[in-house]
Amino acid sequence: MPRQASGPGDAGRPGVGVVGGGSPTYEAEPTALPAAEALALEQLVPDTVLDGARYGTYTLRAASVRGDSARFRGEPRHEALLTARFGTGPAALVLVALAGGSRHSDNAHLAAADATRWIGTAVGRSHERLAADIRAGRRGDLKSGLHRLTDRGLGRLRVRAADLGLKPEHYTVGLRCLLLPADPGCRTRVFFGVGSGGLFRLRDGSWQDIEPPVPEKSVGAPALGFGSPPAETPCGDRLTMDLNITPAPAPPPAEPFRFRASIARPGDTLLLCSNGLAAPLRREPALAAALTERWDGPEPPGMTQFLADVQLRVKGYADDRTAVGVWEA
């Protein structure tokens with residue numbers, strides 16, 4: 001039986017924090033490693049990934065942590081995290097992508113890694129145009145092109161599933177991404193993707209759930225601060241052509257595509273996360289209060305502090321957690 005969580009370990013060494021009522025079921029630290037195959041060591045996934053950077057007016061923190069349940073059972077982390085900078089100077093573009101497969105699939109970690117790698121390659125190939133469209137506020141171009149890019153990537157997962165002899169539902173993921181320009185004069189932050197999770201903003205001491213609603217079939221009017229409708233060509237929208245994406249016969253993803261382009265204010269904290277953190281943040285007020293206290297300050301947390309904050313434990317929530325925080329100067 002799993003042991004009850006305890007408080008601090010050795011004297012002077014802080015333990016993993018717990019908020020809410022009751023102690024979590026599993027231990028706070030890993031107990032079992034996932035099984036390895038001698039000829040497939042490249043498929044191993046580390047328990048924890050941590051990254052960070054500072055560009056323009058923002059500081060970036062990103063972490064992905066194996067859930068308490070997976071740590072106890074010796075299962076791999078089924079979520080993947082990619083942070084990448086394309087280009088140099090003010091024209092550079094930062095992509096943060098997180099993907100997660102079903103915890104009931106033996107191949108979830110492989111599908112997640114494939115999805116983040118493919119979306120990273122596509123964004124990297126067209127980062128100059130993407131960065132220019134973000135700076136110019138061409139919301140329509142971005143939305144339609146990124147929608148096609150995402151559908152194409154998920155279509156590749158279905159092809160890979162067939163190659164592996166798997167059903168498509170056993171090799172699919174939720175994919176959620178942020179595009180962050182390095183230009184200090186541009187405070188536009190672009191979110192896109194499919195699948196469950198959360199997009200939150202900490203502003204003036206309060207959390208706002210800004211997860212885009214399920215979109216209607218029509219694109220609708222441009223959002224405040226963005227001007228142009230999609231720029232069409234005889235073969236489709238301009239961004240899709242630039243990404244060298246051709247229409248695919250594969251069906252659309254089961255989850256609706258979500259897109260949001262927003263203007264950050266000084267002092268904002270933007271949080272993109274998987275469902276492992278989004279669910280307790282929405283349902284456990286103590287977690288929201290604890291993160292507000294830790295993150296609503298003049299300085300962003302350091303790398304190790306951010307990792308500890310992401311791991312704040314809540315009884316009943318033992319899934320993997322992947323989180324990306326963006327602090328605006």
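Below are the figures for this structure:
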item	result
Å² of accessible area per residue within segment 140-183, as computed with a 1.4 Å probe and no ligands counted	40
For segment 15-85, accessible area per residue (1.4 Å probe, heavy atoms of protein chains only), Å²	49
Surface share of carbon and sulfur [accessible, 1.4 angstrom probe, percent] for segment 130-213	48
Additional length obtainable on full extension of the chain from ARG125 to ALA329, 0.36 nm per residue less Cα span	70.5 nm
Local net charge near VAL159, Cβ-Cβ under 15 Å (Lys/Arg +1, Asp/Glu -1)	+2
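The values are calculated or read from the model by the stated rules, or taken from the named source; none is laboratory data. All values derive from a computational prediction rather than experimental measurement. Positions of Cβ are generated from backbone atoms using ideal geometry, with glycine treated the same way; all protein chains shown enter the neighbour counts. For the accessible areas, the whole protein counts, side chains as well, though only heavy atoms, and no ligand, DNA or RNA atoms are used. Shrake-Rupley method; radii C 1.70, N 1.55, O 1.52, S 1.80 Å.
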